[in-house]
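**Student:** There's a structure below that I have some questions on.
The values are calculated or read from the model by the stated rules, or taken from the named source; none is laboratory data. All figures in this text were calculated on a predicted structure; none of them were measured in a lab. Using ideal geometry, Cβ is built from the backbone for each residue, glycine included, and neighbour counts are taken over all protein chains shown.
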Amino acid sequence: MKMNALFALACAGFSGQVLAVGDWSLNGEMNASGGTYSGSQLRDRVSGYGATLSADYLERGGLTLGLSRSFVKMKPGSNDIKQSSVFTSGRMHLTPDSLPGRLTLRLDLHKVDNDDVSRDTDEVSAYAPQVAWLSPDRQTYMDLGYAKSRYQNNLKVTQYTPTFGKGLNDGADWMQFRAYLIDMSNAARAQGKSATFALESKWTHWFGPKGPIGLDNVRAGLLLGSRVYAVDPDGGSVSNLADSQRGDFNVAGEWKLGQSSSILAILGHGRFRNATLSNDYTLNYGYVSWSGKW
Amino acid sequence: MKRTILLALLAFPLTSLAAEESAWQKSYRLEYQQKFSEAAIALNPVDNGRDADLALMRKGWLAYQRARYGEAVEMYQKALEKNPASLEARQGVMLPLMAQQRWREVASYARKVIADSAWDYTAHTRLLVAEEAMRDWATLAAHAERLSEHYPGDATALVYLARAHAWMGNGKEAKDAYNRVLARYPGHIEASQYVAK
(Lines give C-alpha, C1' and ligand atoms only; values in the text may rest on other atoms or scores of the structure.)
Protein backbone atom coordinates (compact mmCIF):
# COMPACT_ATOMS: atom_id res chain seq x y z
CA MET A 1 0.00 0.00 0.00
CA LYS A 2 1.71 3.11 1.25
CA MET A 3 4.96 1.23 1.84
CA ASN A 4 6.63 2.59 -1.27
CA ALA A 5 5.70 6.11 -0.29
CA LEU A 6 7.00 5.55 3.25
CA PHE A 7 10.27 4.15 1.93
CA ALA A 8 10.65 7.10 -0.41
CA LEU A 9 9.99 9.52 2.45
CA ALA A 10 12.56 7.86 4.69
CA CYS A 11 15.08 7.81 1.84
CA ALA A 12 14.62 11.50 1.15
CA GLY A 13 17.41 12.38 3.56
CA PHE A 14 19.93 10.52 1.43
CA SER A 15 19.02 12.08 -1.88
CA GLY A 16 22.02 13.27 -3.79
CA GLN A 17 24.41 10.98 -1.92
CA VAL A 18 26.52 8.39 -3.65
CA LEU A 19 25.79 5.20 -1.73
CA ALA A 20 28.42 2.49 -1.57
CA VAL A 21 27.14 -0.95 -0.67
CA GLY A 22 29.98 -1.59 1.81
CA ASP A 23 29.04 1.52 3.76
CA TRP A 24 25.67 0.04 4.71
CA SER A 25 25.17 -2.14 7.75
CA LEU A 26 22.21 -4.44 8.22
CA ASN A 27 20.68 -5.56 11.50
CA GLY A 28 18.02 -8.22 11.78
CA GLU A 29 16.01 -9.27 14.79
CA MET A 30 13.44 -11.99 15.45
CA ASN A 31 11.41 -12.19 18.60
CA ALA A 32 8.75 -14.22 20.38
CA SER A 33 6.77 -13.33 23.46
CA GLY A 34 4.11 -14.77 25.70
CA GLY A 35 2.27 -13.94 28.88
CA THR A 36 -0.52 -15.03 31.17
CA TYR A 37 -3.10 -12.77 32.79
CA SER A 38 -4.07 -13.18 36.40
CA GLY A 39 -7.29 -11.76 37.82
CA SER A 40 -8.62 -10.59 34.49
CA GLN A 41 -12.33 -11.12 33.86
CA LEU A 42 -11.81 -11.06 30.09
CA ARG A 43 -8.25 -12.02 29.22
CA ASP A 44 -6.55 -15.36 29.53
CA ARG A 45 -3.15 -15.13 27.83
CA VAL A 46 -1.21 -13.31 25.12
CA SER A 47 1.46 -14.38 22.67
CA GLY A 48 3.24 -12.94 19.69
CA TYR A 49 6.17 -13.00 17.35
CA GLY A 50 7.84 -10.53 15.06
CA ALA A 51 10.89 -9.48 13.10
CA THR A 52 12.65 -6.24 12.29
CA LEU A 53 15.22 -5.35 9.68
CA SER A 54 17.32 -2.20 9.90
CA ALA A 55 19.69 -0.72 7.36
CA ASP A 56 22.04 2.10 8.30
CA TYR A 57 24.28 4.11 6.01
CA LEU A 58 27.50 4.99 7.86
CA GLU A 59 26.54 7.42 10.64
CA ARG A 60 24.22 9.40 8.39
CA GLY A 61 20.93 7.61 9.03
CA GLY A 62 18.91 4.51 8.49
CA LEU A 63 15.63 2.74 8.00
CA THR A 64 13.85 0.10 10.05
CA LEU A 65 10.96 -2.10 9.03
CA GLY A 66 9.20 -4.25 11.60
CA LEU A 67 6.39 -6.77 11.27
CA SER A 68 4.65 -8.52 14.13
CA ARG A 69 1.71 -10.75 14.92
CA SER A 70 0.03 -11.05 18.29
CA PHE A 71 -2.80 -13.11 19.73
CA VAL A 72 -4.92 -12.45 22.78
CA LYS A 73 -6.73 -15.50 24.08
CA MET A 74 -9.83 -14.29 25.86
CA LYS A 75 -11.91 -15.99 28.54
CA PRO A 76 -14.97 -17.94 27.38
CA GLY A 77 -17.68 -15.61 26.15
CA SER A 78 -15.35 -13.08 24.54
CA ASN A 79 -13.80 -13.19 21.10
CA ASP A 80 -10.07 -13.84 20.76
CA ILE A 81 -8.07 -11.16 18.96
CA LYS A 82 -5.54 -11.75 16.20
CA GLN A 83 -3.48 -8.72 15.25
CA SER A 84 -0.87 -7.68 12.68
CA SER A 85 1.36 -4.65 13.03
CA VAL A 86 3.70 -2.87 10.65
CA PHE A 87 6.33 -0.47 11.94
CA THR A 88 8.47 1.76 9.72
CA SER A 89 11.10 4.11 11.05
CA GLY A 90 13.48 6.50 9.32
CA ARG A 91 16.26 8.46 11.00
CA MET A 92 18.83 11.00 9.98
CA HIS A 93 21.88 11.95 12.04
CA LEU A 94 23.29 15.46 11.87
CA THR A 95 26.48 16.91 13.35
CA PRO A 96 26.12 20.65 12.79
CA ASP A 97 29.03 22.88 13.77
CA SER A 98 26.62 25.13 15.66
CA LEU A 99 25.74 22.39 18.14
CA PRO A 100 28.17 20.05 19.90
CA GLY A 101 27.25 16.38 19.73
CA ARG A 102 24.87 14.59 17.42
CA LEU A 103 21.33 15.50 16.50
CA THR A 104 18.96 12.80 15.25
CA LEU A 105 15.69 13.42 13.45
CA ARG A 106 13.44 10.40 13.41
CA LEU A 107 9.99 9.57 12.12
CA ASP A 108 8.09 6.39 13.03
CA LEU A 109 4.94 5.18 11.31
CA HIS A 110 2.69 2.47 12.72
CA LYS A 111 -0.20 0.56 11.23
CA VAL A 112 -2.15 -1.98 13.25
CA ASP A 113 -4.97 -4.23 12.05
CA ASN A 114 -6.89 -6.88 13.93
CA ASP A 115 -10.21 -8.74 14.03
CA ASP A 116 -11.71 -6.84 16.96
CA VAL A 117 -15.44 -7.00 16.18
CA SER A 118 -16.08 -3.66 17.91
CA ARG A 119 -13.35 -2.12 15.69
CA ASP A 120 -12.30 -0.04 18.69
CA THR A 121 -8.72 -1.32 18.40
CA ASP A 122 -8.72 -2.12 14.68
CA GLU A 123 -7.23 -0.03 11.85
CA VAL A 124 -5.03 2.00 14.14
CA SER A 125 -2.47 4.31 12.59
CA ALA A 126 0.11 6.46 14.28
CA TYR A 127 2.97 8.70 13.37
CA ALA A 128 5.68 9.62 15.83
CA PRO A 129 8.42 12.18 15.09
CA GLN A 130 11.31 12.57 17.49
CA VAL A 131 14.25 14.94 17.89
CA ALA A 132 17.17 13.52 19.86
CA TRP A 133 20.52 14.87 21.00
CA LEU A 134 23.58 12.93 22.10
CA SER A 135 26.47 14.76 23.77
CA PRO A 136 29.96 14.65 22.21
CA ASP A 137 31.21 12.25 24.91
CA ARG A 138 28.07 10.11 24.36
CA GLN A 139 27.29 10.18 28.06
CA THR A 140 24.21 12.41 27.98
CA TYR A 141 21.11 11.90 25.85
CA MET A 142 17.89 13.84 25.47
CA ASP A 143 14.97 13.49 23.14
CA LEU A 144 11.52 14.90 22.67
CA GLY A 145 9.05 12.55 21.10
CA TYR A 146 5.56 13.20 19.88
CA ALA A 147 3.00 10.69 18.69
CA LYS A 148 -0.42 11.05 17.17
CA SER A 149 -2.58 7.91 17.02
CA ARG A 150 -5.91 7.55 15.25
CA TYR A 151 -8.43 4.92 16.32
CA GLN A 152 -11.81 3.96 14.90
CA ASN A 153 -15.00 5.04 16.64
CA ASN A 154 -14.00 8.61 17.41
CA LEU A 155 -10.69 8.53 19.26
CA LYS A 156 -7.45 10.40 18.70
CA VAL A 157 -4.52 10.11 21.07
CA THR A 158 -1.72 12.63 21.45
CA GLN A 159 1.46 11.69 23.28
CA TYR A 160 4.58 13.58 24.39
CA THR A 161 7.63 11.66 25.59
CA PRO A 162 10.48 13.83 26.91
CA THR A 163 13.45 11.58 27.64
CA PHE A 164 16.74 11.92 29.47
CA GLY A 165 19.59 9.42 29.52
CA LYS A 166 22.91 9.48 31.34
CA GLY A 167 25.98 7.27 31.25
CA LEU A 168 27.58 6.43 34.61
CA ASN A 169 30.69 4.62 35.86
CA ASP A 170 32.78 5.38 32.76
CA GLY A 171 30.05 4.12 30.48
CA ALA A 172 29.51 0.80 32.30
CA ASP A 173 25.97 1.90 33.26
CA TRP A 174 23.22 3.77 31.51
CA MET A 175 20.12 5.28 33.11
CA GLN A 176 17.20 6.49 31.05
CA PHE A 177 14.03 8.25 32.16
CA ARG A 178 11.06 8.79 29.86
CA ALA A 179 7.84 10.56 30.75
CA TYR A 180 4.62 9.59 28.95
CA LEU A 181 2.12 12.45 28.79
CA ILE A 182 -0.90 11.16 26.92
CA ASP A 183 -4.06 13.07 26.01
CA MET A 184 -7.18 11.35 24.69
CA SER A 185 -9.78 13.14 22.60
CA ASN A 186 -12.62 10.99 23.92
CA ALA A 187 -12.55 9.84 27.57
CA ALA A 188 -15.47 7.47 26.97
CA ARG A 189 -13.17 5.51 24.66
CA ALA A 190 -10.16 5.61 26.98
CA GLN A 191 -11.01 3.99 30.31
CA GLY A 192 -12.80 7.18 31.33
CA LYS A 193 -9.57 9.14 31.17
CA SER A 194 -8.82 12.25 29.14
CA ALA A 195 -5.14 12.28 30.14
CA THR A 196 -2.59 9.97 31.75
CA PHE A 197 0.94 10.36 33.05
CA ALA A 198 3.58 7.70 33.52
CA LEU A 199 7.30 7.70 34.17
CA GLU A 200 9.45 4.93 32.81
CA SER A 201 13.00 4.33 34.01
CA LYS A 202 15.50 1.90 32.52
CA TRP A 203 18.87 0.86 33.81
CA THR A 204 21.46 -1.03 31.78
CA HIS A 205 24.73 -2.39 33.13
CA TRP A 206 27.43 -3.73 30.82
CA PHE A 207 29.83 -6.28 32.18
CA GLY A 208 33.47 -6.50 31.26
CA PRO A 209 34.81 -9.35 29.15
CA LYS A 210 33.80 -12.05 31.64
CA GLY A 211 30.22 -11.35 32.72
CA PRO A 212 28.38 -13.79 34.98
CA ILE A 213 26.92 -16.75 33.05
CA GLY A 214 28.33 -15.18 29.92
CA LEU A 215 26.12 -12.09 30.11
CA ASP A 216 27.08 -9.02 28.11
CA ASN A 217 24.62 -6.77 29.93
CA VAL A 218 21.66 -6.79 32.28
CA ARG A 219 18.72 -4.39 32.32
CA ALA A 220 15.91 -3.45 34.65
CA GLY A 221 12.86 -1.35 33.84
CA LEU A 222 10.22 0.25 36.04
CA LEU A 223 7.05 2.05 34.99
CA LEU A 224 5.16 4.17 37.51
CA GLY A 225 1.90 6.04 37.01
CA SER A 226 -0.64 5.05 34.39
CA ARG A 227 -0.84 5.16 30.63
CA VAL A 228 -3.33 4.23 27.95
CA TYR A 229 -2.73 3.74 24.22
CA ALA A 230 0.99 4.44 24.59
CA VAL A 231 3.33 4.47 21.61
CA ASP A 232 6.70 3.06 22.71
CA PRO A 233 9.62 4.60 20.79
CA ASP A 234 12.12 1.99 22.04
CA GLY A 235 9.93 -1.02 21.34
CA GLY A 236 8.46 0.39 18.14
CA SER A 237 5.00 -0.65 19.27
CA VAL A 238 1.52 0.72 19.91
CA SER A 239 -0.39 -0.44 23.01
CA ASN A 240 -3.73 -0.45 21.28
CA LEU A 241 -5.02 -3.62 22.99
CA ALA A 242 -4.05 -2.79 26.54
CA ASP A 243 -6.38 -1.49 29.19
CA SER A 244 -5.03 1.19 31.47
CA GLN A 245 -1.47 0.18 32.35
CA ARG A 246 -0.75 1.01 35.98
CA GLY A 247 2.80 -0.14 36.43
CA ASP A 248 5.41 -2.52 35.11
CA PHE A 249 8.64 -4.07 36.28
CA ASN A 250 10.96 -6.09 34.10
CA VAL A 251 14.47 -7.52 34.12
CA ALA A 252 16.51 -8.60 31.12
CA GLY A 253 19.80 -10.15 30.20
CA GLU A 254 21.67 -10.11 26.90
CA TRP A 255 24.24 -12.61 25.71
CA LYS A 256 26.59 -11.95 22.80
CA LEU A 257 27.07 -14.87 20.46
CA GLY A 258 30.38 -14.00 18.87
CA GLN A 259 30.89 -10.59 17.30
CA SER A 260 27.74 -10.32 15.28
CA SER A 261 24.73 -11.75 17.07
CA SER A 262 23.09 -11.73 20.48
CA ILE A 263 20.17 -13.10 22.43
CA LEU A 264 18.02 -10.96 24.70
CA ALA A 265 15.62 -12.38 27.28
CA ILE A 266 13.13 -10.31 29.29
CA LEU A 267 10.85 -11.29 32.15
CA GLY A 268 8.28 -8.82 33.37
CA HIS A 269 5.25 -8.19 35.50
CA GLY A 270 2.62 -5.59 34.54
CA ARG A 271 -0.45 -4.24 36.32
CA PHE A 272 -3.58 -3.21 34.42
CA ARG A 273 -7.07 -1.97 35.09
CA ASN A 274 -10.23 -2.29 33.05
CA ALA A 275 -12.17 0.73 34.32
CA THR A 276 -15.40 -0.30 32.62
CA LEU A 277 -15.49 -3.55 34.62
CA SER A 278 -13.60 -2.14 37.63
CA ASN A 279 -11.26 -5.08 37.08
CA ASP A 280 -7.64 -4.90 38.26
CA TYR A 281 -5.41 -7.63 36.93
CA THR A 282 -1.79 -8.49 36.24
CA LEU A 283 0.26 -9.88 33.38
CA ASN A 284 3.38 -11.98 33.77
CA TYR A 285 5.27 -12.03 30.52
CA GLY A 286 8.41 -13.21 28.83
CA TYR A 287 10.16 -12.04 25.67
CA VAL A 288 13.10 -13.49 23.82
CA SER A 289 14.84 -12.14 20.74
CA TRP A 290 17.77 -12.99 18.56
CA SER A 291 19.53 -10.25 16.66
CA GLY A 292 22.35 -10.31 14.17
CA LYS A 293 24.30 -7.78 12.14
CA TRP A 294 25.97 -7.94 8.78
CA MET B 1 64.34 65.53 5.04
CA LYS B 2 67.10 62.90 5.28
CA ARG B 3 65.01 61.13 7.86
CA THR B 4 62.01 61.08 5.52
CA ILE B 5 64.10 59.63 2.69
CA LEU B 6 65.57 57.01 5.03
CA LEU B 7 62.14 55.97 6.23
CA ALA B 8 60.89 55.80 2.65
CA LEU B 9 63.81 53.59 1.68
CA LEU B 10 63.27 51.33 4.66
CA ALA B 11 59.56 51.03 3.94
CA PHE B 12 60.08 50.18 0.26
CA PRO B 13 61.29 46.59 0.66
CA LEU B 14 58.47 45.85 3.10
CA THR B 15 55.72 47.21 0.86
CA SER B 16 57.31 45.48 -2.12
CA LEU B 17 57.40 42.23 -0.20
CA ALA B 18 53.74 42.57 0.83
CA ALA B 19 52.70 43.28 -2.75
CA GLU B 20 54.42 40.12 -3.92
CA GLU B 21 52.95 37.86 -1.21
CA SER B 22 51.01 35.09 -2.89
CA ALA B 23 47.66 33.79 -1.70
CA TRP B 24 49.49 30.73 -0.36
CA GLN B 25 52.08 32.77 1.51
CA LYS B 26 49.39 34.97 3.00
CA SER B 27 47.39 31.95 4.09
CA TYR B 28 50.41 30.31 5.77
CA ARG B 29 51.37 33.60 7.45
CA LEU B 30 47.85 34.04 8.83
CA GLU B 31 47.71 30.43 9.98
CA TYR B 32 51.01 30.95 11.83
CA GLN B 33 49.31 33.91 13.54
CA GLN B 34 46.42 31.57 14.48
CA LYS B 35 44.06 33.61 12.26
CA PHE B 36 42.47 30.49 10.77
CA SER B 37 39.40 32.14 9.24
CA GLU B 38 41.48 34.80 7.53
CA ALA B 39 43.96 32.14 6.40
CA ALA B 40 41.11 30.29 4.68
CA ILE B 41 39.70 33.44 3.09
CA ALA B 42 43.17 34.24 1.72
CA LEU B 43 42.90 31.10 -0.42
CA ASN B 44 39.73 32.21 -2.20
CA PRO B 45 41.64 33.49 -5.28
CA VAL B 46 43.22 30.07 -5.86
CA ASP B 47 40.48 27.60 -4.91
CA ASN B 48 39.40 27.23 -8.53
CA GLY B 49 42.86 27.17 -10.02
CA ARG B 50 45.28 24.40 -10.90
CA ASP B 51 45.82 23.53 -7.24
CA ALA B 52 42.16 23.85 -6.29
CA ASP B 53 42.19 20.52 -4.44
CA LEU B 54 45.15 21.67 -2.37
CA ALA B 55 43.42 24.96 -1.54
CA LEU B 56 40.26 23.07 -0.52
CA MET B 57 42.27 20.65 1.61
CA ARG B 58 43.95 23.58 3.33
CA LYS B 59 40.53 25.12 3.94
CA GLY B 60 39.47 21.80 5.45
CA TRP B 61 42.52 21.78 7.70
CA LEU B 62 41.92 25.39 8.74
CA ALA B 63 38.25 24.65 9.50
CA TYR B 64 39.39 21.65 11.56
CA GLN B 65 41.72 23.96 13.49
CA ARG B 66 38.69 26.12 14.36
CA ALA B 67 36.72 23.03 15.46
CA ARG B 68 34.34 23.61 12.52
CA TYR B 69 34.30 19.89 11.86
CA GLY B 70 31.28 19.80 9.57
CA GLU B 71 32.77 22.53 7.41
CA ALA B 72 36.12 20.69 7.40
CA VAL B 73 34.46 17.49 6.17
CA GLU B 74 32.72 19.44 3.41
CA MET B 75 36.00 21.05 2.27
CA TYR B 76 37.88 17.75 2.16
CA GLN B 77 35.00 16.18 0.24
CA LYS B 78 35.11 19.05 -2.27
CA ALA B 79 38.85 18.45 -2.60
CA LEU B 80 38.10 14.80 -3.35
CA GLU B 81 35.59 15.81 -6.01
CA LYS B 82 38.32 17.92 -7.66
CA ASN B 83 40.90 15.15 -7.35
CA PRO B 84 39.34 11.71 -6.77
CA ALA B 85 42.83 10.14 -6.63
CA SER B 86 43.88 12.20 -3.61
CA LEU B 87 44.97 10.02 -0.72
CA GLU B 88 45.77 13.17 1.27
CA ALA B 89 42.16 14.37 1.10
CA ARG B 90 41.00 10.96 2.36
CA GLN B 91 43.54 11.12 5.17
CA GLY B 92 42.47 14.67 5.92
CA VAL B 93 38.74 14.07 6.11
CA MET B 94 39.29 11.40 8.75
CA LEU B 95 40.43 14.04 11.27
CA PRO B 96 37.14 15.97 11.56
CA LEU B 97 35.19 12.71 11.29
CA MET B 98 37.16 11.36 14.26
CA ALA B 99 36.44 14.57 16.15
CA GLN B 100 32.73 14.01 15.50
CA GLN B 101 33.04 10.33 16.44
CA ARG B 102 31.66 9.23 13.07
CA TRP B 103 33.63 6.01 13.33
CA ARG B 104 32.02 4.07 10.51
CA GLU B 105 32.80 6.93 8.14
CA VAL B 106 36.39 7.08 9.43
CA ALA B 107 36.69 3.34 8.76
CA SER B 108 35.19 3.77 5.31
CA TYR B 109 37.71 6.45 4.28
CA ALA B 110 40.60 4.52 5.86
CA ARG B 111 39.68 1.41 3.85
CA LYS B 112 39.57 3.49 0.67
CA VAL B 113 43.13 4.70 1.34
CA ILE B 114 44.22 1.13 2.14
CA ALA B 115 42.64 -0.09 -1.11
CA ASP B 116 45.01 2.22 -3.02
CA SER B 117 48.00 2.03 -0.71
CA ALA B 118 47.91 -1.30 1.09
CA TRP B 119 50.04 -0.64 4.16
CA ASP B 120 49.63 3.11 4.60
CA TYR B 121 50.51 3.54 8.28
CA THR B 122 48.29 6.55 8.99
CA ALA B 123 45.21 4.96 7.44
CA HIS B 124 45.79 1.72 9.34
CA THR B 125 46.26 3.41 12.71
CA ARG B 126 43.13 5.51 12.20
CA LEU B 127 41.24 2.36 11.26
CA LEU B 128 42.48 0.80 14.53
CA VAL B 129 41.06 3.80 16.42
CA ALA B 130 37.71 3.39 14.66
CA GLU B 131 37.58 -0.36 15.29
CA GLU B 132 38.27 0.22 18.96
CA ALA B 133 35.57 2.90 19.17
CA MET B 134 33.10 0.52 17.52
CA ARG B 135 34.14 -2.19 20.03
CA ASP B 136 34.86 -4.57 17.20
CA TRP B 137 37.41 -6.50 19.26
CA ALA B 138 37.99 -9.55 17.07
CA THR B 139 38.52 -7.39 13.97
CA LEU B 140 40.74 -5.03 15.96
CA ALA B 141 42.92 -7.87 17.26
CA ALA B 142 43.38 -9.45 13.82
CA HIS B 143 44.07 -6.07 12.22
CA ALA B 144 46.54 -4.93 14.89
CA GLU B 145 48.39 -8.27 14.64
CA ARG B 146 48.78 -7.89 10.87
CA LEU B 147 49.88 -4.26 11.17
CA SER B 148 52.52 -5.13 13.78
CA GLU B 149 53.97 -7.69 11.35
CA HIS B 150 54.42 -4.94 8.76
CA TYR B 151 55.74 -2.40 11.30
CA PRO B 152 57.62 -4.65 13.78
CA GLY B 153 59.25 -1.77 15.61
CA ASP B 154 55.97 0.04 16.23
CA ALA B 155 54.38 -0.04 19.67
CA THR B 156 51.02 1.48 18.70
CA ALA B 157 49.63 -1.52 16.85
CA LEU B 158 50.64 -3.75 19.76
CA VAL B 159 48.82 -1.49 22.24
CA TYR B 160 45.61 -1.97 20.22
CA LEU B 161 46.29 -5.71 20.02
CA ALA B 162 46.66 -5.83 23.80
CA ARG B 163 43.49 -3.80 24.38
CA ALA B 164 41.47 -6.00 22.06
CA HIS B 165 42.62 -9.15 23.87
CA ALA B 166 41.95 -7.53 27.25
CA TRP B 167 38.38 -6.67 26.20
CA MET B 168 37.83 -10.18 24.89
CA GLY B 169 38.96 -11.57 28.23
CA ASN B 170 42.17 -13.08 26.81
CA GLY B 171 44.40 -12.01 29.69
CA LYS B 172 47.42 -14.08 28.68
CA GLU B 173 47.43 -12.73 25.12
CA ALA B 174 46.88 -9.17 26.38
CA LYS B 175 49.79 -9.43 28.78
CA ASP B 176 52.01 -10.90 26.06
CA ALA B 177 51.14 -8.01 23.73
CA TYR B 178 51.76 -5.42 26.46
CA ASN B 179 55.14 -7.03 27.17
CA ARG B 180 55.96 -6.63 23.49
CA VAL B 181 54.94 -2.96 23.80
CA LEU B 182 57.36 -2.56 26.72
CA ALA B 183 60.17 -4.08 24.64
CA ARG B 184 59.67 -1.23 22.16
CA TYR B 185 58.63 1.54 24.58
CA PRO B 186 59.94 0.69 28.05
CA GLY B 187 58.15 3.52 29.84
CA HIS B 188 54.72 2.92 28.36
CA ILE B 189 52.31 3.66 31.22
CA GLU B 190 49.30 1.62 30.07
CA ALA B 191 51.43 -1.44 29.32
CA SER B 192 53.38 -1.14 32.60
CA GLN B 193 50.17 -0.91 34.63
CA TYR B 194 48.60 -3.93 32.94
CA VAL B 195 51.70 -6.10 33.25
CA ALA B 196 52.08 -5.15 36.94
CA LYS B 197 48.50 -6.28 37.74
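**Student:** With the requirement that a residue be touching a His at 6+ places or on another chain (Cβ under 9 Å) and more than 9 Å from every other protein chain (Cβ to nearest Cβ), what does region B:88-112 give you? Step through it out loud before you land on a result.
**Tutor:** At the first step, the residues of region B:88-112 found to be touching a His at 6+ places or on another chain (Cβ under 9 Å) are B:102, B:110.
Across region B:88-112, the qualifying residue is only B:A110.
**Student:** Identify all residues within region A:140-161 that are part of a strand (DSSP E or B), out of contact with any Ser or Thr (no Cβ under 6 Å at 6 or more places or on another chain) and loosely packed, with under 14 Cβ neighbours inside 10 Å; write none if there are none.
**Tutor:** A:L144, A:Y160 - these are the residues of region A:140-161 that are part of a strand (DSSP E or B), out of contact with any Ser or Thr (no Cβ under 6 Å at 6 or more places or on another chain) and loosely packed, with under 14 Cβ neighbours inside 10 Å.
**Student:** Kindly indicate whether A:T276 is out of contact with any Lys or Arg (no Cβ under 9 Å at 6 or more places or on another chain) and of a type in the set (S, T, Y).
**Tutor:** Details: out of contact with any Lys or Arg (no Cβ under 9 Å at 6 or more places or on another chain): yes; of a type in the set (S, T, Y): yes.
It is true that A:T276 is out of contact with any Lys or Arg (no Cβ under 9 Å at 6 or more places or on another chain) and of a type in the set (S, T, Y).
**Student:** Tally up the residues in region A:77-130 that are within 14 Å of chain B (Cβ to nearest Cβ) and either within 20 Å of A:L241 (Cβ to Cβ) or part of a strand (DSSP E or B) (or both), please. If you could, list the steps in order and put the result at the bottom.
**Tutor:** Start the filter on region A:77-130 by keeping residues that are within 14 Å of chain B (Cβ to nearest Cβ), which leaves A:92-104.
If we keep only those that are either within 20 Å of A:L241 (Cβ to Cβ) or part of a strand (DSSP E or B) (or both) too, we end up with A:92-94, A:102-104.
Count: 6.
**Student:** To continue, here is another question. Could you list, in sequence order, the residues of region A:254-294 that are part of a strand (DSSP E or B), β-branched (V, I, T) and more than 25 Å from A:D216 (Cβ to Cβ)? Walk me through it before giving the result.
**Tutor:** Looking only at region A:254-294, we keep the residues that are part of a strand (DSSP E or B), and these are A:254-257, A:261-274, A:279-293.
Filter again for β-branched (V, I, T), leaving A:263, A:266, A:282, A:288.
Selection gives A:T282 alone.
**Student:** Filter region A:52-70 for residues that are more than 14 Å from chain B (Cβ to nearest Cβ) and either over 13 Å from A:G28 (Cα atoms) or in contact with a helix residue (DSSP H, G or I) (Cβ under 8 Å, 6 or more places away or on another chain) (or both) and give the result.
**Tutor:** Of everything in region A:52-70, those that are more than 14 Å from chain B (Cβ to nearest Cβ) and either over 13 Å from A:G28 (Cα atoms) or in contact with a helix residue (DSSP H, G or I) (Cβ under 8 Å, 6 or more places away or on another chain) (or both) turn out to be A:L63, A:S68, A:R69, A:S70.
**Student:** Here's a follow-up. I'm told B:E131 meets every condition in (1) within 22 Å of the chain's Cα centre (by Cα); (2) surrounded by fewer than 19 Cβ atoms within 10 Å (Cβ to Cβ); (3) of a type in the set (D, E, K, R); (4) within 24 Å of A:G214 (Cβ to Cβ) except one. Can you identify the failing condition by its number?
**Tutor:** (2)
**Student:** Let me ask something additional. Considering only residues that are assigned to a strand (DSSP E or B) and either within 14 Å of chain B (Cβ to nearest Cβ) or of a type in the set (A, V, I, L, M, F, W, C) (or both), which ones fall in region A:177-209?
**Tutor:** Of the residues in region A:177-209, the ones assigned to a strand (DSSP E or B) are A:177-184, A:195-206.
Those that are assigned to a strand (DSSP E or B) and either within 14 Å of chain B (Cβ to nearest Cβ) or of a type in the set (A, V, I, L, M, F, W, C) (or both): A:F177, A:A179, A:L181, A:I182, A:M184, A:A195, A:F197, A:A198, A:L199, A:W203, A:W206.
**Student:** Quick one: which residue in B:M94, B:M75 is under 16 Å from the mean Cα position of the chain (by Cα), more than 27 Å from B:R146 (Cβ to Cβ) and crowded, with 21+ Cβ neighbours inside 10 Å?
**Tutor:** Details: B:M94 fails: more than 27 Å from B:R146 (Cβ to Cβ).
So the residue among B:M94, B:M75 that is under 16 Å from the mean Cα position of the chain (by Cα), more than 27 Å from B:R146 (Cβ to Cβ) and crowded, with 21+ Cβ neighbours inside 10 Å is B:M75.
**Student:** Which residues, taken from region B:159-192, are within 14 Å of chain A (Cβ to nearest Cβ) and not basic (K, R)?
**Tutor:** Hits for region B:159-192 are B:A162, B:A164, B:H165, B:A166, B:W167, B:M168, B:G169, B:N170, B:G171, B:E173, B:A174.
**Student:** Against the conditions (1) at pLDDT 95 or above; (2) within 14 Å of chain B (Cβ to nearest Cβ), where does A:V21 fall short? Just the number, please.
**Tutor:** (1)
**Student:** Among the residues of region A:26-38, is any within 14 Å of chain B (Cβ to nearest Cβ), under 26 Å from A:L94 (Cα atoms) and assigned to a strand (DSSP E or B)?
**Tutor:** Pass one, region A:26-38, residues within 14 Å of chain B (Cβ to nearest Cβ): A:26-27.
Subset that is under 26 Å from A:L94 (Cα atoms): A:26-27.
Of the ones still in play, those that are also assigned to a strand (DSSP E or B) are A:26-27.
There is at least one residue in region A:26-38 that is within 14 Å of chain B (Cβ to nearest Cβ), under 26 Å from A:L94 (Cα atoms) and assigned to a strand (DSSP E or B).
**Student:** When the residues of region B:97-117 are filtered to those that are hydrophobic (A, V, I, L, M, F, W, C) and within 17 Å of A:G22 (Cβ to Cβ), which remaining residue is surrounded by the fewest Cβ atoms within 10 Å (Cβ to Cβ)? Quick ask: steps written out before the conclusion?
**Tutor:** Start the filter on region B:97-117 by keeping residues that are hydrophobic (A, V, I, L, M, F, W, C), which leaves B:97-99, B:103, B:106-107, B:110, B:113-115.
Imposing the further condition that a residue be within 17 Å of A:G22 (Cβ to Cβ) reduces the set to B:97, B:103, B:106-107, B:110, B:113-115.
Working: B:L97: 27, B:W103: 22, B:V106: 27, B:A107: 25, B:A110: 25, B:V113: 22, B:I114: 16, B:A115: 11.
Here the answer is B:A115.
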